[in-house]
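The values are calculated or read from the model by the stated rules, or taken from the named source; none is laboratory data. Just so it is clear, the model here is predicted, and its values are computed rather than measured. Please note: Cβ atoms are built from the backbone with ideal geometry, for glycine as well, and neighbour counts cover all protein chains shown.
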Amino acid sequence: MENQNRQANVWVLASIVFAQFSGTSLWFAGNAILPELQKTYHFPANTLSHITTAVQLGFIIGTLIYAIFSIADRFSPSKVFFVSALIGAICNVAILLIHITLPLLITFRFLTGIFLAGIYPVGMKIAADWYEKGLGKALGFLVGALVLGTAFPHLLNSMHTVLNWQHVLISVSLFAVSGGILMLVLKDGPYRKKGSKFNPKVIFKVFEYNAFRKSAFGYFGHMWELYTFWAFLPWLLKLYGDTHNEQINISLWSFIIIAIGFFSCIFGGLISIKKGSYFVAKNSLSISGICCLLSPIVLLLPFWLMIFYLLIWSFFVISDSPQFSSLVAASAPKEITGTALTIVNSTGFTISIISIQLLGYLSSIDTLQPYLFLALLPGPVLGLLSIRKLNVSSS
């Protein structure tokens, strides 16, 4: 009987991880094919910050909608995930149906972001409904799947001899739908508690919990750094190649550097079982902050040392994310866990828009380019200050 339960748990976790990986592959699909879009449609150089911001802004609006109506708490999370993945996939591939312009591209990326709000935080909600214990470990695998999903379009785009950018979009969309179907088959977890009708006071009341507030603000500091690092990683690799007059497979290396976060999330989740989520979050945020501080040396390093440095940074820039989510989930009342996670995600992504736009502006100033990533340092610093004396048990 115990062996059967263990096998069932493996199946559940594997299903959630695959579904999350598939669904979140929609996130950076536009970023991965951007160089081809710019060549084809002559989009301006600052399109990167615009389309990344569009997805983030869409995600924020989406999370607010999902939170205001308590969708993940009032309705079946697995069905919410499926519908969100299906519509998000349609929005992702819609640019193939018409002659695309920059405003339309931004609009479709914005709409994709809205429905990602029914994938990423809802996936965490589903995991919390299946795992009353060991949530830090489960979320480690889950956010690891988000990392792979984020990196996956870069891998597809690196195979330009086999797939063109249209095939990349279609493949990512079909992949997202398959993840939604799998989550629909899995159904909802045994620890799910159906939430009540929307009460706007919930959004503010949850911040009255001291442990929740500290965990949330630590996550906000982490979010100042994470998505901006991912978004500008191809830009940094291109800058390195131009500086050293080297040909770099930017898509392939972007995939490898981002994808290492999959292993760091799993590693952090396993460590959290013995040391706790706070230990992993604090140390990961500290190391990524040190990488921010040392970032001006990147352009001075030999190629392989530069890659090693970025791998270290990428390893620790994400390993704290599932542990912050675990701390947030553990410190919020069970009946509003979905809404609490959604609100924290919404605020975190709002913060990421500011840092993305800031680096988008600073990157246009040639003299500041070697020091660009120093602008991310306040995130880890303020995040670490926020979680001082945090006392919450989350395994």
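A few points about this structure:
- The single condition among (1) closer than 21 Å to residue 251 by Cβ; (2) crowded, with 24+ Cβ neighbours inside 10 Å; (3) modelled with pLDDT under 85; (4) of a type outside the set (A, V, I, L, M) that residue 140 does not satisfy is (1).
- Residues of region 209-240 satisfying the condition of being under 14 Å from the mean Cα position of the chain (by Cα) and of a type in the set (S, T, N, Q): 228
- Residue pairs whose Cβ atoms lie under 7 Å apart, separated by 6 or more positions or on different chains, with the first residue in region 249-261 and under 12 Å from residue 159 (Cα atoms) and the second modelled with pLDDT under 95 and of a type in the set (Ser, Thr, Tyr), are 249/158; 251/158; 252/158; 255/158.
- Tally, over region 305-356, of residues that are modelled with pLDDT under 80 and under 19 Å from residue 274 (Cα atoms): 1
- Test: residue in region 233-248 that is more than 16 Å from residue 150 (Cβ to Cβ), of a type in the set (Val, Ile, Thr) and at pLDDT 90 or above: yes
- Looking across region 266-304, the residues that are small (Gly, Ala, Ser) and either modelled with pLDDT of 95 or more or touching a His at 6+ places or on another chain (Cβ under 9 Å) (or both) come down to 281, 284, 286, 288, 289, 295.
- Among residues that are part of a loop (DSSP other than H, G, I, E, B), modelled with pLDDT under 85 and either buried (at least 24 other Cβ atoms within 10 Å of the Cβ) or at negative phi (or both), residue 133 is included.
- Residues (closer than 22 Å to residue 235 by Cα and out of contact with any Leu (no Cβ under 6 Å at 6 or more places or on another chain)) located in region 260-271: 261
- Look at (1) modelled with pLDDT of 90 or more; (2) within 27 Å of residue 185 (Cα to Cα) and you find that residue 9 fails only one, number (1).
- Residue check, residue 111 closer than 20 Å to residue 166 by Cβ, touching a residue at least 40 places away in the same chain (Cβ under 8 Å) and not acidic (Asp, Glu): yes
- Going through (1) more than 16 Å from residue 21 (Cβ to Cβ); (2) over 18 Å from the mean Cα position of the chain (by Cα); (3) of a type in the set (Phe, Trp, Tyr) one by one, residue 82 falls short only on (1).
- Of all residues in region 271-298, those that are in contact (Cβ under 8 Å) with a residue 24 or more places away in the chain have Cβ atoms under 7 Å from Cβ atoms of residues that are assigned to a helix (DSSP H, G or I) and of a type in the set (Asp, Glu), 6 or more apart or on another chain, in 288/225; 292/225.
- Within region 241-261, being among the β-branched types (Val, Ile, Thr) and more than 18 Å from the chain's Cα centre (by Cα) holds for 243, 248, 250.
- The lone exception for residue 307 - which of (1) among the hydrophobic types (A, V, I, L, M, F, W, C); (2) buried (at least 22 other Cβ atoms within 10 Å of the Cβ); (3) without any contact (Cβ under 8 Å) to a residue 60 or more places away in the chain it fails: (2)
- Condition check for residue 79: free of Cβ contacts under 8 Å to residues at least 60 places away in the same chain, in a helix (DSSP H, G or I) and surrounded by fewer than 24 Cβ atoms within 10 Å (Cβ to Cβ): no
- Some residue of region 368-384 being within 21 Å of residue 237 (Cβ to Cβ), among the β-branched types (Val, Ile, Thr) and either in contact (Cβ under 8 Å) with a residue 24 or more places away in the chain or in a helix (DSSP H, G or I) (or both): no
- Checked against (1) surrounded by fewer than 24 Cβ atoms within 10 Å (Cβ to Cβ); (2) part of a helix (DSSP H, G or I), residue 98 passes all but condition (2).
- Residue 361 assigned to a helix (DSSP H, G or I), more than 22 Å from residue 150 (Cα to Cα), among the hydroxyl-bearing types (Ser, Thr, Tyr) and at pLDDT below 95: yes
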